[in-house]
Amino acid sequence: MSRIDVRVEDVIAVVTALALVVVAGARALAGSFELTATDYWDFSFILLPVSLLTFGAALKYAIGGGTSQLSRTAARIGSTFRDWLPFLFVLLLYEALQAEVFRGGFRHDFDRELLNIDLRMLGYTPAVTMESWISGPLTDLMTLFYFLHLILPPVLGLKLYLQEKMLFRQFLVSVLAATALGIAGYVTVPAVGPAAAFPEMFTVSLDGALYGSVGRMIDMVRAPRDVFPSLHVCLSAIVLWFSWKAGRGWFAAILPLVIGNWISTMYLRYHYFIDVIAGWIAAVLAVVVARQLLRVEMALKRERGQAVVRTGLRTP
Amino acid sequence: MYVFVLIVSRIVPTLFFASACLVAGRFAHDLLARSSRPLARFAFATILVLCGVATFPYLVRLRHLVGAQVAFGDDRWKETDAYMQRFEEFGGRATGLFARDWAVALMNGGAFAEAERVLLAGFDPRAGRVAALPDSILLLGTSRYHLGRPDQAIRALRALEGMEGVQHCLRLYFIGRSFDRLGRREEAAAEYAGALKIEPRFFPALYHLARVEAASGRREDAVAHTAAFMRLDPRQAPVVGPLLEALRRGQTPPDREFKIVQN
């Protein structure tokens with residue numbers, strides 16, 4: 001971090017990417033693989049705030065009267081992209097888990113072990129006990145809650161971006177750290193979730209107007225073994241924490257949505273309870289790690305600034 | 001929700017394009033304003049109009065896609081087909097989920113040949129192979145089965161790998177139906193049994209498994225499988241009960257086609 005303006009989120013994103021490349025390379029030794037994802041619609045949710053901010057800057061330039069400057073507009077748009085790029089990069093890392101090397105490379109799924117932990121803790125796994133709640137409208141509502149993990153982070157991100165850039169960065173770094181932890185979990189504890197691993201446990205089918213189409217859409221972009229920890233729970237917990245910082249109104253509005261999101265992960269049979277707990281722990285870890293990393297970054301930058309002043313080598 | 005996703009995913013490129021147009025328009029304006037202000041304004045307006053014209057077909061296609069998805073969500077198959085046809089007329093190419101949903105709408109309306117065309121047109125051909133959604137290949141195999149081409153159906157369905165849950169169950173079921181059509185009963189029975197293993201409550205697979213077993217002289221197996229199914233899911237007794245009774249009376253159930261509506 002001494003010569004160029006490297007940020008903590010850049011470091012996390014690059015380290016996670018390198019780790020994935022190493023794993024992929026090791027697994028690829030036995031054969032070839034390719035990225036098989038066919039549709040990256042989920043990126044549009046991260047790009048929507050970027051496109052809105054870009055459009056705002058372009059509009060301001062276009063109708064801004066005689067004082068408008070192309071260089072200033074370009075800088076503003078460039079800095080918007082720079083600030084949001086790590087979000088996109090980390091989503092790309094998640095998508096990379098769809099590559100054949102990760103899809104078929106696991107020798108053992110840990111579903112039995114995760115289920116056993118639930119059974120030891122609770123005597124059951126919530127996905128099964130929630131069967132008694134099942135109804136079409138509730139399934140649709142749960143699908144909606146489940147889907148919110150793609151909507152809440154960019155919406156809150158935009159709010160924080162406009163409110164306070166440093167808070168936005170704390171949020172961004174927390175999300176990046178959480179995703180890195182999540183990917184580490186998927187690679188070391190691969191599992192497919194109760195619905196796919198134990199279909200015989202369920203006697204009632206999930207059905208709803210939204211459930212089929214949205215579920216199919218989500219399945220297209222999700223990693224095939226993304227169970228432990230639950231990134232849905234982890235990211236929504238982070239969103240909840242930062243919504244508190246954004247303002248009490250935001251927290252009050254987001255709290256029921258996040259709780260619904262947590263319940264939906266089990267109701268829709270994607271997760272065991274232990275995944276949810278792991279998601280909460282990962283969220284706490286991510287927020288703490290993000291704060292520490294940003295402190296380190298600030299300290300390094302402060303030190304660098306002082307050193308530059310002392311040696312008199314500051315250049316324009 | 002799907003419509004919402006569709007709109008968001010199309011708004012983003014539209015906003016980026018509009019931003020580029022605004023910047024280009026203003027840049028051209030500032031460049032020309034030094035020599036002639038009316039000319040600068042004209043250039044600004046022209047660039048914006050041209051961008052609007054360029055965006056128009058894209059937005060019209062979005063309108064038809066949204067219409068098709070809303071109709072599809074309400075099980076209005078003919079309307080879905082009509083919207084998708086207009087989408088194609090405006091230069092759209094149905095790939096991925098759009099091709100899949102269009103094909104489902106056509107198949108639910110009994111238009112299997114047209115569904116096959118839509119699916120094939122939506123595939124992304126690569127050297128010696130195609131890139132397509134597993135769901136679309138499943139539909140391709142199913143439509144070929146319904147078109148009376150069981151050999152081709154088996155080839156398409158067998159090309160699928162890594163499927164799970166209901167889709168995998170349907171895949172095995174239709175491979176079984178195709179073998180059945182070819183008169184290869186033992187292979188058909190194995191596929192039906194495989195489908196039941198994945199979805200133990202999928203009645204069509206049980207029905208044809210029991211039918212094939214009874215027709216092959218393995219009536220005891222047929223009765224045992226049917227009785228086990230009834231114990232597993234007593235709520236299906238109104239349909240399973242008569243089958244069980246018929247098997248116990250020594251009758252072989254007739255070959256019949258179950259209408260499996262997808263959405």
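The values are calculated or read from the model by the stated rules, or taken from the named source; none is laboratory data. Computed from a predicted model, the values in this text were never measured in an experiment. Cβ atoms come from the backbone with ideal geometry, glycine included; neighbour counts cover every protein chain shown.
Going by what's in this entry, would A:LEU88 be described as at pLDDT below 85, surrounded by fewer than 19 Cβ atoms within 10 Å (Cβ to Cβ), in contact with a helix residue (DSSP H, G or I) (Cβ under 8 Å, 6 or more places away or on another chain) and not aromatic (Phe, Trp, Tyr)? Judged against the criteria, A:LEU88 is a match. Of all residues assigned to region B:5-21, none qualifies as being within 17 Å of A:ALA62 (Cα to Cα), away from every other protein chain (no Cβ under 12 Å) and in a helix (DSSP H, G or I). Of all residues being away from every other protein chain (no Cβ under 12 Å) and among the aliphatic types (A, V, I, L, M) in region B:45-60, which is nearest to A:LEU59 (Cα to Cα)? Just the residue, please. The qualifying residue nearest to A:LEU59 (Cα to Cα) is B:VAL49.
Restrict the check to region B:127-146 and report whether at least one residue is among the acidic types (Asp, Glu) and not in a helix (DSSP H, G or I). Scanning region B:127-146 turns up no residue that is among the acidic types (Asp, Glu) and not in a helix (DSSP H, G or I). The set of residues in region B:22-44 being more than 10 Å from chain A (Cβ to nearest Cβ) and buried (at least 16 other Cβ atoms within 10 Å of the Cβ) consists of B:ALA28, B:LEU32, B:ALA40, B:ALA43.
Only one of the numbered conditions (1) among the charged types (D, E, K, R); (2) under 20 Å from B:ASP135 (Cβ atoms); (3) surrounded by fewer than 17 Cβ atoms within 10 Å (Cβ to Cβ) is violated by B:GLU88, and that is (2). Set side by side, the residues B:PHE123, B:PHE72 differ, and just one is in contact (Cβ under 8 Å) with a residue 40 or more places away in the chain and within 14 Å of the chain's Cα centre (by Cα), which is B:PHE72. Just one of the listed residues (B:ARG185, B:ARG201) is of a type in the set (Lys, Arg), farther than 15 Å from B:GLU257 by Cα, over 13 Å from the mean Cα position of the chain (by Cα) and within 11 Å of chain A (Cβ to nearest Cβ), and it is B:ARG201. Check region A:164-174 and report whether any residue there is of a type in the set (Asp, Glu) and in contact (Cβ under 8 Å) with a residue 24 or more places away in the chain. Checked against the condition, which is being of a type in the set (Asp, Glu) and in contact (Cβ under 8 Å) with a residue 24 or more places away in the chain, region A:164-174 yields no hits at all. Summed over region B:148-203, residues that are in a loop (DSSP other than H, G, I, E, B), surrounded by fewer than 16 Cβ atoms within 10 Å (Cβ to Cβ) and at negative phi total 3. If the requirement is being within 18 Å of the chain's Cα centre (by Cα), buried (at least 22 other Cβ atoms within 10 Å of the Cβ) and either under 22 Å from A:PRO256 (Cβ atoms) or among the hydrophobic types (A, V, I, L, M, F, W, C) (or both), which of these qualifies: A:ALA127, A:ALA178, A:ALA191? Only one candidate qualifies: A:ALA178.
Of all the criteria given as (1) over 24 Å from A:PHE202 (Cβ atoms); (2) away from every other protein chain (no Cβ under 14 Å); (3) crowded, with 16+ Cβ neighbours inside 10 Å, the one not satisfied by B:ASN108 is (2).
Residue count for region A:216-261, restricted to those that are over 22 Å from A:VAL90 (Cα atoms) and touching a residue at least 12 places away in the same chain (Cβ under 8 Å): 7.
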